[in-house]
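Following: one structure in structure tokens, then a few remarks.
The values are calculated or read from the model by the stated rules, or taken from the named source; none is laboratory data. Please read these numbers as outputs of a predicted model, since none were measured by experiment. With ideal geometry, Cβ positions are generated from the backbone for all residues, glycine too; neighbour counts draw on all protein chains shown.
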Amino acid sequence: MRIGELAERTGVSPRSLRYYEQHGLLSARRAANGYRHYSEEDVRLVSEIRALLSVGFTLEDTRPFLDCLRRGHSSGGACAESVEVYERKLKEIDEEIRALLARRAEVAAQLAQSCPGCFVRG
């Protein structure tokens, strides 16, 4: 399939697909006329990239998941390298949550000091 069809099937712009290719996440074959040609596997890879990006993973984070799919696993998260990325991302999220809770507590304390009768939710 050509880039337009892959874009349509995955909901990703052709520009993004070329960007993924530039970063080595996709590798289009070239037809005799120079057009990019993609396979059904590429639909799966782009869907995996899109799903991971949507929950906060970086483009670089997606590599182990894509490699896992290319090795024939039914899930990009089935390989040890992918699990490591999941675990690292969870630690990052936990750190972000702790930082946000600390900031919230500080803002609530400032509100309580500035407005003793004000109600602080949460």
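In the range 14-29, which residues are of a type in the set (D, E, K, R) and in a helix (DSSP H, G or I)?
Matches in the range 14-29: Arg15, Arg18, Glu21.
Please state which one of Ala32, Ala78 is assigned to a loop (DSSP other than H, G, I, E, B) and within 25 Å of Ile93 (Cβ to Cβ).
Only one candidate qualifies: Ala78.
Name the residues in the range 81-122 that are assigned to a helix (DSSP H, G or I), in contact (Cβ under 8 Å) with a residue 12 or more places away in the chain and of a type in the set (A, V, I, L, M, F, W, C), would you?
Scanning the range 81-122 gives Val85, Ile93, Ala108.
Out of all the residues in the range 54-70, which are surrounded by fewer than 11 Cβ atoms within 10 Å (Cβ to Cβ) and either modelled with pLDDT under 95 or part of a helix (DSSP H, G or I) (or both)?
Ser54, Glu60 - these are the residues of the range 54-70 that are surrounded by fewer than 11 Cβ atoms within 10 Å (Cβ to Cβ) and either modelled with pLDDT under 95 or part of a helix (DSSP H, G or I) (or both).
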